[in-house]
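Structure first, commentary second.
The values are calculated or read from the model by the stated rules, or taken from the named source; none is laboratory data. Nothing here was measured: the structure is a model prediction, and the numbers come from that model. No Cβ is skipped: glycine too gets one built from the backbone with ideal geometry, and neighbour counts run over all protein chains shown.
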Amino acid sequence: METVAIAGKISSYMEQNKAEIVTFLRNFVAIKSVTYEEEAAVRWYADQLKNFGFDEVRIDPVGNCIGRIGSGKTVLLFDAHIDTVEPGKVEDWGMDPLRSSYEDGIIRGRGAVDDKACLTGFAFAGKALKELHLDGDYTMWVSASISEEDVEGSCVKAMMEENKDIKPDYIVVGEASEMRIIRGHKGRALIKVEVKGKAAHASAAWRGENALIKALPLIKGIDDMKEFVKDPFLGGGSIEVTKVDCDTPSLNTIPGRVTVTMDRRISCGESVQDLLNEVKPLVDQVGGKASIDVERVTTYTGYQIEQEDYFPSWVIPEDHVLIATGVTTFKTLFDRDPVVGSWDFCTNATHLCGRTGIPAIGFGPGDGSLCHSTQDKVLDSEVVDAAKFYALFPLAMAGK
């Protein structure tokens with residue numbers, strides 16, 4: 001069957017199932033899935049994939065839900081995270097954020113755009129492929145991954161380690177992109193600097209050395225940093241002081257130790273050592289010690305992960321087959337050229353592409369600037385259109 005005809009069948013299928021897609025997403029939003037509390041949502045999603053006829057569905061030891069369609073040569077992994085930030089207060093939303101609202105074609109509620117709309121699209125893409133008998137030389141893995149909001153990439157890294165049979169040639173990361181095709185984003189790191197002084201009673205401060213005052217040149221120096229490695233596509237990095245912790249037994253004691261935490265946004269080709277070397281002159285000036293923090297994650301299954309707070313950037317070339325096929329898929333479905341761009345936030349692609357080197361694109365419905373806000377919402381038409389893209393893309397990539 002010609003690609004245009006297949007696209008037409010997929011489009012008709014999704015439009016006919018629009019009401020079911022909206023209901024699915026609203027039911028999904030209603031299941032609270034705050035980071036480290038995702039079990040109920042994971043089990044619900046696994047049940048839906050089984051009901052939709054996925055060839056295989058599993059929940060791995062980490063707690064991720066994984067489904068499979070097909071067993072062909074070209075292996076694609078579609079990943080989106082199932083966890084959300086806290087729902088927030090009803091009075092701030094003007095509604096219960098877990099019940100969601102649906103007015104004027106907009107689904108609003110915690111997790112609607114971040115990131116359950118993408119997972120809804122994945123599920124219905126698989127359902128369409130099965131019900132329309134659109135077989136091909138592809139294997140489509142779908143992962144509803146956990147704990148992305150706290151330590152992005154950590155649980156998909158563990159997923160790849162625990163599920164050795166999942167060996168993707170290509171990856172699609174589902175996050176809000178306003179239906180743009182994403183070919184990269186900056187990375188990030190958390191740098192911690194410990195500055196030691198000597199604690200003393202505030203009434204006799206001369207007996208000690210105030211570590212907070214000692215750290216001020218470091219804080220000011222970080223704020224003054226403006227020159228960073230610049231990538232032609234992603235642009236330059238940045239650094240900001242985000243937290244200062246004072247180790248003091250009381251408020252009438254000058255601190256004997258201060259920890260300064262910095263958020264460093266990373267452009268291409270910057271290693272951990274590069275980041276530490278960059279701040280070394282300022283750290284040495286105050287006699288401090290710099291390190292990259294290590295996060296310790298325990299998932300809802302009890303699975304434990306240690307993850308260095310260094311999340312590399314990633315970019316794939318504009319002429320890569322993934323981009324070319326994504327553009328063709330989009331044009332075939334929607335009869336217009338897509339925008340190809342970058343995200344300004346970090347995603348699981350930092351591991352899936354940034355660490356592993358597996359080519360990836362990002363694509364999803366909704367506006368990323370609405371994530372984590374009380375305007376967490378998405379258009380029903382974009383969820384339906386994203387599902388069309390997710391369904392046609394494996395067929396377009398088959399054999400490549």
inquiry  = Just checking, does the range 192-208 include any residue being in contact (Cβ under 8 Å) with a residue 40 or more places away in the chain, out of contact with any helix residue (DSSP H, G or I) (no Cβ under 9 Å at 6 or more places or on another chain) and assigned by TED's automatic domain parsing to the domain that holds residue 384?
reply    = no
query = Got a sec? Which of 73, 130, 116, 50 is surrounded by fewer than 15 Cβ atoms within 10 Å (Cβ to Cβ), among the basic types (Lys, Arg) and closer than 25 Å to residue 16 by Cα?
reply = 50
inquiry  = Looking only at the range 295-308, count every residue that is in contact with a Lys or Arg (Cβ under 8 Å, 6 or more places away or on another chain) and buried (at least 20 other Cβ atoms within 10 Å of the Cβ) and tell me the total.
reply    = 1
Test set (1) out of contact with any His (no Cβ under 8 Å at 6 or more places or on another chain); (2) closer than 14 Å to residue 356 by Cβ - residue 174 fails condition number = (2)
task = Can you tell me which residue among 295, 270 is of a type in the set (D, E, K, R), within 30 Å of residue 146 (Cα to Cα), in a loop (DSSP other than H, G, I, E, B) and touching a residue at least 60 places away in the same chain (Cβ under 8 Å)?
result = 270
message = Show the residue pairs meeting these rules: Cβ distance below 7 Å; 6+ apart or different chains; first residue within the range 121-145 and touching a residue at least 24 places away in the same chain (Cβ under 8 Å) and in the same structural domain as residue 168 (by TED's automatic domain parsing); second residue of a type in the set (S, T, N, Q) and in a helix (DSSP H, G or I).
response = 123/48
note = Over the range 149-195, the set of residues charged (D, E, K, R), closer than 20 Å to residue 85 by Cα and assigned to a loop (DSSP other than H, G, I, E, B) is 149, 150, 152, 175
inquiry  = So, in the range 357-381, how many residues would count as being closer than 30 Å to residue 271 by Cα and surrounded by 16 or more Cβ atoms within 10 Å (Cβ to Cβ)?
reply    = 10
task = Output the qualifying pairs, or none if there are none: Cβ atoms under 9 angstrom, residues six or more apart or on different chains, first residue in the range 372-396 and on the phi > 0 side of the Ramachandran plot, second residue surrounded by 22 or more Cβ atoms within 10 Å (Cβ to Cβ) and charged (D, E, K, R).
result = 372/114
note = Only one of (1) crowded, with 18+ Cβ neighbours inside 10 Å; (2) in a strand (DSSP E or B) does not apply to residue 240, and that is (1)
inquiry  = If I filter the range 355-365 for residues that are at pLDDT 95 or above, in contact with a Ser or Thr (Cβ under 8 Å, 6 or more places away or on another chain) and of a type in the set (Phe, Trp, Tyr), do I get at least one hit?
reply    = yes
request  = Would you mind stating whether residue 114 is within 20 Å of the chain's Cα centre (by Cα), not aliphatic (A, V, I, L, M) and not in a loop (DSSP other than H, G, I, E, B)?
outcome  = yes
task = Scan the range 90-98 and give yes if some residue there is surrounded by fewer than 14 Cβ atoms within 10 Å (Cβ to Cβ), within 21 Å of residue 143 (Cβ to Cβ), out of contact with any Leu (no Cβ under 8 Å at 6 or more places or on another chain) and of a type outside the set (A, V, I, L, M), otherwise no.
result = no
task = Go through (1) within 27 Å of residue 368 (Cα to Cα); (2) surrounded by fewer than 22 Cβ atoms within 10 Å (Cβ to Cβ) and name the single condition residue 176 misses.
result = (2)
ask   = Across the range 267-278, what is the number of residues that are at pLDDT 95 or above and either buried (at least 19 other Cβ atoms within 10 Å of the Cβ) or touching a helix residue (DSSP H, G or I) at 6+ places or on another chain (Cβ under 9 Å) (or both)?
value = 3
query = Which one is surrounded by the most Cβ atoms within 10 Å (Cβ to Cβ) among residues in the range 243-259 that are more than 12 Å from residue 196 (Cβ to Cβ) and among the β-branched types (Val, Ile, Thr)?
reply = 254
task = Mind listing just one residue for me: the one in the range 329-356 that is small (Gly, Ala, Ser) and crowded, with 24+ Cβ neighbours inside 10 Å and, of those, nearest to the chain's Cα centre (by Cα)?
result = 349
message = Is it the case, given these coordinates, that residue 109 is surrounded by 16 or more Cβ atoms within 10 Å (Cβ to Cβ) and more than 25 Å from the chain's Cα centre (by Cα)?
response = no
key: Options 243, 220: the member that is in the same structural domain as residue 196 (by TED's automatic domain parsing), more than 27 Å from the chain's Cα centre (by Cα) and modelled with pLDDT of 95 or more   = 220
